[in-house]
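Enquirer: I have a structure I would like to understand better, so I am pasting it below and will then ask my questions one at a time.
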Amino acid sequence: MESLGRIRARLYRALKVLWKLRMGVFGAMIVCFVCVLAIFAPCIAPYNPYEGDITKRLMPPFWAEKGSTVHLLGTDHIGRDLLSRIIFGSRVSLVVGFVSVLIATAIGVLLGLIAGYYGKIWDWIISSMVNIMITFPFVLLALAVIAVVGPNFRNMLLVLGLTAWPVFTRVVRSEVLKWKEIDFVQAARAMGMKGNRIIFSEIFPNLLSSVIVLSSLEVARMIIVEAFLSFLGLGVQPPTPSWGGMLGESRVYMLTNWWLATFPGIAIFITTLGINLMGDGIRDFFDPHLRYQFLSSSVETG
Amino acid sequence: MRKRRFHLFLLFTIVYGFMIFVASSNVLGAESQGKIVIATAYDLPTMDPHMHSVRPMFVVGLHIWDNLVYRDPVTRKIGPCLATSWKIVDDLTWEFKLRKDVKFQNGDPFTAKDVKFNFERVLNPDQKSPQRPKHISIKSVEVIDDYTVRLRTEKPYPVMLERLANFQMISEKYTKEKGDAYVALNPVGTGPYKFVSWKKGQELVVEANENYWKGAPPIKTLVWRTIPETTTQIAELLAGGVDFIESVPPDQIDLINNSGVARIVEVRVLPVAFIKLDGAGRGGPNPFQDKKVRQAINYAANIDGYIKYIMKGRAVRIATWASPYAFGYDSSIKPYPYDPEKAKKLLVEAGYPNGFEVRHVNSHQRIPGQRQFIEALQQDLAKVGILMKIQEFTDEGPLFTQIREGKAGPMYQMSWGYSGTHDLDAIFYEHCTPQSFWAYWWSDETTKLIEQARASMDPEFRKKIYSKLQQIIKDEAPVLFMWQYVMTYGVANRIAEIKIGSDEIPRFFDVKMKK
Amino acid sequence: MVRIGQRLIQVGIICIGISFVSFVLLHLTGDPVTVMLPLDAPEQEIAQFRHKMGFDRPIVVQFLAYLKNAVRGDFGNSLFLERPAVSLVLERFPASLILISTGLSIALIIAIPLGILSAFKSHSFIDNFSTSFAVMGQAMPLFWFAIMMMIIFCIQLRWLPVSGYGTWKHLILPSFCMGIWQSPPTMRLIRSGMLDILSQDYIRTARAKGLSEGKVVVKHAFKNALIPVVNLVGLQFGFLVGGAVVTETVFSWPGVASLLLNAIRTYDFPVVQAALFLLALLIISVNLIVDVIVALIDPRIRDR
């Protein structure tokens, strides 16, 4: 049974931490907002993003001359409501970002753990692969593959995931090397714990923070790569709304109907900004220097 | 400190907003005389006029070389050029009299021997000319004297003149002396412009031929620049970097017309658009093998709506795939009306009360408005229960391979230019007879009629047959009928007047500049 | 020496991988014979051509022959242009090189001072400014930025030509776009590299000894910072080739990247393969040069 005072003190501490990390919190709020948009899109979006009225094509946003509040952000080249398409587009962008990073993380972390912990020949093979993949832009080869096997969703996710894992391997490997020599790991080994167990119970939890930070940054990058693929016509295909796809379609219209490129661009911008800030915030949270400050403040009031 | 970051975020947002604001206003200016710069979206493949099949090179072709006959851009009629007159000796023989005192740009004289050489070169299978199929009906060329030739054909060949209007003449002596590889880089013709330089993938420069037999052309220098991106082409036109661009998308027409430096020139051209339906089941069983389904889809598409709202009026509705500019066109046949209810009824009758799913294939071509209209069609078809999935091939080449192997479809987007031949044979033969790989539907009756029309030299007889064919085609609906193109060209205002033919070839040797 | 060996092996592996994928793609997109001949060639001609080109041999044999030719630089003719794929690619190489190196230089010019300064004055105004700039720069797609620049500088202000190749004026906008696009990640890397160095013991010692900030920077930190920066150059080259694809297309810059993109679109796989091969060679060579330079300036390696 804790006294009210203690609970209040804990709350106070938590708020102090959040305040120190307010940029990260702000970023997290943006990300939550976008996720809410994605999940509740059918309820939030004013119109069906797949249905358009061609008599109402290319209407500008409501504050411009020919605009109206019927379509707040205007309509696209087939008369579909831009706001609704942007809201639904969050689904595609988030799925693309998260799934491809998931694939990359799974492969990358696994290989990094193996390379770092078991070393020797495994390290040599894996590190060479990483070096090769980082130096040469395999994205270009991926373009050729997508052009042939077809630019559908599944292929795109696979390709994105398969070209992004090297970064993870690198980071994980260097972290593993650092932690391998630490006392409690040595102790565990001396006690006779098997390699796999050591990896998973001792080393892995410490890696988590770097991996999470890296993942969040990569999600942001994937969203931009999706825009790149769409520019080349190899991204998400119509009529599925995706921010990258909308940007790609809009490039001729940049001269005449600026809103078609601007609003998806802003959506990408805000989302990636939010993800980056959140990632930075998480990193700061796990930073040992700052942790010390948090812990010390808890000692004071505790 | 972190607050500062926030302020900076605001600052950057304002900067972005400003950039967008500046970019959405307007302004401009113009340049010098004596030169016209033309933008082309594709690289020119070669300077050998027989070894390509791409339209930009045909445009260049009309400027460096001459053909035997010439199509007047305004009247669309064929008139003399290197050939001054011709007569039909009998059903299988044509005799052409050639112009005297014409010299190639290197001094070689143009004679009947050159004509014979040209045809034999193109028809020679070892030469591998992509234009060979177009002239394959010509069996032999006989030199009667220095300025007279006789062309003999396999069967009666009513479209002879049409085909000759786009076949460039090169010099026998020059080609034999220098060899094909040299000729592919250093062109020599009898035309109004002579070759100056060619930086592959960048620009081709030609200069006026002072000794041209029709008289020197008014503009001294022509430059063709390769600019692949539409946005960049438009930007260049607006900034004064180029004077002529093609295929302006309908949505950008107002921008150019209001710019003060350039305007849109619209030309109704021969090519037509339609969507092939796999009626013959070449790609496997599909709903379009039933005539009712094919008709249904014609009722379900709001073609007039697309023309009005997406093409902004830059297209002419047609009833079948026959172009109004082609010989044999029957204007009394009316197009399918837009009637989604009737479409649904027909689908139910055909056994598809809940519609079906189908794949539509197209390639990333430069036909203006294509993407937009296909997506609009997708919407309309969804309303009658047909779920159309769009697959866009990155370019024409990959799509053609699929077409040839019968794997395109069951719907694929076509625009057919008739190879510049203003005659219905050029579409019926290639799209509706069993041996042509373009064809995804045919019938014994139509095949018989097409062969009859081909083999006759009597225009009245042919017209009657083509009328009958158009009636049958409309009823059978082997394709989703659409429209005849009105091509939009962006022309700099310093070019006061330019003639562009229904063959989509602008005549730069015949422009009038603003004083 | 070891490094050179390593790099050569890398080149080899990359090139085999590229060949394998190109070969597979070529055969996936349909019978290569039908693609190479004019659309309506008769059956007999097709059969003859197939035999002449060796497409009727077993697949593995074909692949090995393909590989052997590739090593000698013979990738066959472009499927559409009747010219050797290699010469098509080599023709356009200089243009890409100019664009990429200029872009890289601009990126470094922006990123190095900003990166170093923000590392030194951590959490100051400069630091916030640069990091914000970096974060925002990475959230902006390159083609959007390029077209925006084109609209502002070429159409509105008419200071520069829209597209093309030939004078220094044509080079400015494309290389600036590439440079500005690449500077945010570069700056971030330099900053974190610099931060690492500054937290090292010998820097603290120098400061403790009472050396002025300036001397600390120049004498100790800077020289050591050079190594990661030079390493960076090798890495960035690869990314820049990716960015060149967009830039060359938007600005009609006649380089290898736009040729590659076009070849991918038209399924012209000999050209795709030739372009990727040569790009791989280029990138690895640059990295090799970087390795050599690092070996020369890094005393730890030099004294070995």
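The values are calculated or read from the model by the stated rules, or taken from the named source; none is laboratory data. Note that the structure is predicted; figures quoted are calculated from it, not measured. Every residue, glycine among them, receives a Cβ derived from its backbone with ideal geometry; neighbour counts consider all protein chains shown.
Enquirer: What number of residues within the range B:461-483 satisfy the criterion of being over 25 Å from the mean Cα position of the chain (by Cα) and within 18 Å of B:MET160 (Cβ to Cβ)?
Expert: 1
Enquirer: Taking C:THR167 as the residue in question, decide whether it is farther than 21 Å from C:LEU240 by Cβ and within 14 Å of chain A (Cβ to nearest Cβ).
Expert: no
Enquirer: Here is a check on your reading of the model: is A:LEU247 part of a helix (DSSP H, G or I), at the interface with chain C (Cβ under 9 Å from one of its Cβ atoms) and surrounded by 24 or more Cβ atoms within 10 Å (Cβ to Cβ)?
Expert: yes
Enquirer: Cβ-Cβ under 7 Å, sequence separation 6+ or interchain: first residue in the range B:215-244 and within 9 Å of another protein chain (Cβ to nearest Cβ) and hydrophobic (A, V, I, L, M, F, W, C), partner in a loop (DSSP other than H, G, I, E, B) and buried (at least 24 other Cβ atoms within 10 Å of the Cβ). Which pairs?
Expert: B:ILE227/C:SER163; B:ILE227/C:SER252; B:ALA235/C:VAL162; B:ALA239/C:VAL162
Enquirer: The conditions are (1) at pLDDT 80 or above; (2) under 22 Å from C:TYR66 (Cβ atoms); (3) not hydrophobic (A, V, I, L, M, F, W, C), and C:PRO254 fails exactly one of them. Which is it?
Expert: (2)
Enquirer: Of the conditions (1) at pLDDT below 85; (2) within 27 Å of the chain's Cα centre (by Cα), A:LEU37 satisfies every one except a single condition; which number is it?
Expert: (1)
Enquirer: Regarding A:ASN276, is this residue surrounded by 22 or more Cβ atoms within 10 Å (Cβ to Cβ), outside any helix (DSSP H, G or I) and facing another protein chain (nearest Cβ under 8 Å)?
Expert: no
Enquirer: Here's something else I'd like to know. Among the candidates C:LEU64, C:LEU88, C:LEU114, C:LEU81, single out the residue that is over 25 Å from C:VAL246 (Cα atoms), modelled with pLDDT under 90 and in contact with a helix residue (DSSP H, G or I) (Cβ under 8 Å, 6 or more places away or on another chain). Steps first, please.
Expert: Numbers: C:LEU64 fails: in contact with a helix residue (DSSP H, G or I) (Cβ under 8 Å, 6 or more places away or on another chain); C:LEU88 fails: over 25 Å from C:VAL246 (Cα atoms); C:LEU81 fails: over 25 Å from C:VAL246 (Cα atoms).
Testing whether each residue is over 25 Å from C:VAL246 (Cα atoms), modelled with pLDDT under 90 and in contact with a helix residue (DSSP H, G or I) (Cβ under 8 Å, 6 or more places away or on another chain) leaves just C:LEU114.
Enquirer: Looking at A:SER128 and the list (1) under 25 Å from the mean Cα position of the chain (by Cα); (2) within 13 Å of chain C (Cβ to nearest Cβ); (3) part of a helix (DSSP H, G or I); (4) modelled with pLDDT under 85, which single condition is not satisfied?
Expert: (1)
Enquirer: Among A:VAL92, A:VAL25, A:VAL17, which is farther than 22 Å from A:TRP243 by Cα, β-branched (Val, Ile, Thr) and touching a Ser or Thr at 6+ places or on another chain (Cβ under 9 Å)?
Expert: Only one candidate passes the filter, namely A:VAL17.
Enquirer: In the range C:93-124, which residues are farther than 17 Å from C:PHE237 by Cβ and within 14 Å of chain B (Cβ to nearest Cβ)?
Expert: C:LEU114, C:SER118, C:LYS121, C:SER122, C:HIS123, C:SER124
Enquirer: The conditions are (1) in contact (Cβ under 8 Å) with a residue 12 or more places away in the chain; (2) of a type in the set (Phe, Trp, Tyr); (3) more than 10 Å from chain B (Cβ to nearest Cβ), and A:PHE40 fails exactly one of them. Which is it?
Expert: The number of the failed condition is (1).
Enquirer: What is the number of the single condition among (1) without any contact (Cβ under 8 Å) to a residue 12 or more places away in the chain; (2) among the β-branched types (Val, Ile, Thr); (3) farther than 30 Å from B:ALA382 by Cα that A:VAL17 does not meet?
Expert: (1)
Enquirer: Now for a different question. Test A:ALA28 against the stated conditions and say whether it is part of a helix (DSSP H, G or I) and of a type in the set (Gly, Ala, Ser).
Expert: Working: part of a helix (DSSP H, G or I): yes; of a type in the set (Gly, Ala, Ser): yes.
Answer is yes for this residue.
Enquirer: Look through B:PHE393, B:PHE373, B:PHE356 and report the one residue that is buried (at least 21 other Cβ atoms within 10 Å of the Cβ) and more than 30 Å from C:LEU81 (Cβ to Cβ). It would help to see each step written out before you state the result.
Expert: On the way: B:PHE393 fails: more than 30 Å from C:LEU81 (Cβ to Cβ); B:PHE356 fails: buried (at least 21 other Cβ atoms within 10 Å of the Cβ).
Answer to the check: B:PHE373.
Enquirer: With a cut-off of at least 3 residues that are within 14 Å of chain C (Cβ to nearest Cβ), name the helices (runs of 4 or more DSSP H) lying wholly within the range B:313-412. If you could, list the steps in order and put the result at the bottom.
Expert: Values: elements: B:340-350, B:370-383, B:396-404.
Because the criterion is at least 3 residues that are within 14 Å of chain C (Cβ to nearest Cβ), the helices (runs of 4 or more DSSP H) in the range B:313-412 that meet it are B:396-404.
Enquirer: Which ones in the range B:485-501 are aliphatic (A, V, I, L, M) and closer than 29 Å to B:ILE303 by Cα? Talk me through it step by step, then tell me what you get.
Expert: Step one: of the range B:485-501, the residues aliphatic (A, V, I, L, M) are B:486-487, B:491-492, B:495-496, B:498, B:500.
Within the range B:485-501, B:VAL486, B:MET487, B:VAL491, B:ILE500 meet the criteria.
Enquirer: To continue, here is another question. Among the numbered criteria (1) touching a residue at least 24 places away in the same chain (Cβ under 8 Å); (2) within 14 Å of chain C (Cβ to nearest Cβ); (3) under 20 Å from the mean Cα position of the chain (by Cα), which one does A:TRP165 miss?
Expert: (2)
Enquirer: Does the range B:260-289 hold any residues that are under 27 Å from B:TYR418 (Cβ atoms) and part of a loop (DSSP other than H, G, I, E, B), and which are they?
Expert: Result: B:ASP278, B:GLY279, B:ALA280, B:GLY281, B:ARG282, B:GLY283.
Enquirer: Say whether the condition of being of a type in the set (Ser, Thr, Tyr) and surrounded by 22 or more Cβ atoms within 10 Å (Cβ to Cβ) is met by at least one residue in the range C:283-299.
Expert: Within the range C:283-299, none of the residues are of a type in the set (Ser, Thr, Tyr) and surrounded by 22 or more Cβ atoms within 10 Å (Cβ to Cβ).
Enquirer: What's the total number of residues in the range A:204-249 that are without any contact (Cβ under 8 Å) to a residue 24 or more places away in the chain and among the polar types (S, T, N, Q)?
Expert: Count: 1.
Enquirer: Then there's this: Would you mind finding the one in C:PHE176, C:PHE222, C:PHE237 that is at pLDDT 85 or above and aromatic (Phe, Trp, Tyr)?
Expert: C:PHE176
Enquirer: Which count do you get for residues in the range B:310-357 that are at pLDDT 90 or above, under 31 Å from the mean Cα position of the chain (by Cα) and among the β-branched types (Val, Ile, Thr)?
Expert: 4
Enquirer: If we scan the range B:247-266, do we find a residue that is β-branched (Val, Ile, Thr) and closer than 28 Å to B:ASP48 by Cβ? Explain how you work it out, then say what you get.
Expert: Taking the range B:247-266 as the starting set, the residues that turn out to be β-branched (Val, Ile, Thr) are B:248, B:253, B:256, B:261, B:264-265.
This time we only want the ones that are closer than 28 Å to B:ASP48 by Cβ, so: none.
Looking for residues that are β-branched (Val, Ile, Thr) and closer than 28 Å to B:ASP48 by Cβ, one finds none in the range B:247-266, hence no.
Enquirer: Return the only residue of C:PHE129, C:PHE143, C:PHE120 being within 18 Å of C:HIS170 (Cα to Cα), at pLDDT below 85 and not acidic (Asp, Glu).
Expert: On inspection, the qualifying residue turns out to be C:PHE143.
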